[in-house]
1. Restricting the search to the range 30-68, which residues are open to solvent by less than 20 Å² (accessible area, probe 1.4 Å), under 14 Å from Gly115 (Cβ atoms) and touching a Lys or Arg at 6+ places or on another chain (Cβ under 8 Å)?
2. Residue under question is Glu6, and the condition is that it be within 14 Å of the chain's Cα centre (by Cα) and either crowded, with 21+ Cβ neighbours inside 10 Å or small (Gly, Ala, Ser) (or both); does it hold?
3. Does Ser71 fit the bill of being surrounded by 14 or more Cβ atoms within 10 Å (Cβ to Cβ), touching an Asp or Glu at 6+ places or on another chain (Cβ under 7 Å) and either more than 15 Å from Arg38 (Cβ to Cβ) or aliphatic (A, V, I, L, M) (or both)?
4. Among the residues of the range 19-42, which ones are under 13 Å from Ala92 (Cα atoms) and touching a residue at least 12 places away in the same chain (Cβ under 8 Å)?
5. Just checking, which of Arg59, Arg27, Arg19 is in contact with a strand residue (DSSP E or B) (Cβ under 8 Å, 6 or more places away or on another chain) and either under 18 Å from Gly108 (Cα atoms) or outside any strand (DSSP E or B) (or both)?
Amino acid sequence: QVQLVESGGGLVQAGGSLRLSCAASGRTFSSYAMAWFRQAPGKEREFVAGISRSGVSIRYTDSVKGRFTISRDNAKNTVSLQLNSLKPEDTAVYYCAASLRSLAAPAGSEYKYWGQGTQVTVSA
């Protein structure tokens, strides 16, 4: 079992920045690919960014490329998402997820463990 807890969400003006953090329990954090998903009200869950077990392979959805950065620290059992140049359309609940696979796939069904989410709200 892996427990994931997100933090760092909040209210920010368009163009601003936030840094989200996900803390994982257990001793096998490095065995999981990690990802961030988001879900806005009335919309489907969307893959945002993913990072492989080692941190070598990283992928982003097109809408956040150049603005968001995912990273992980296996020694501290954490994965982070730096959100820069935020837009109102980035407003959503952001979820941290862990996959048993070595690479971070964009499909939510690939992830076994999920955090409870942290709210990001971007005002115009």
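The values are calculated or read from the model by the stated rules, or taken from the named source; none is laboratory data. The structure presented is a predicted model; accordingly, all values stated were derived computationally and were not measured. Using ideal geometry, Cβ is built from the backbone for each residue, glycine included, and neighbour counts are taken over all protein chains shown. For the accessible areas, the whole protein counts, side chains as well, though only heavy atoms, and no ligand, DNA or RNA atoms are used. Shrake-Rupley method; radii C 1.70, N 1.55, O 1.52, S 1.80 Å.
1. Correct list: Met34, Phe37, Arg38, Val48.
2. In short, yes.
3. No: the conditions fail for Ser71.
4. Residues satisfying the conditions are Leu20, Trp36, Phe37, Arg38, Gln39, Ala40.
5. After applying the criteria, what remains is Arg59.
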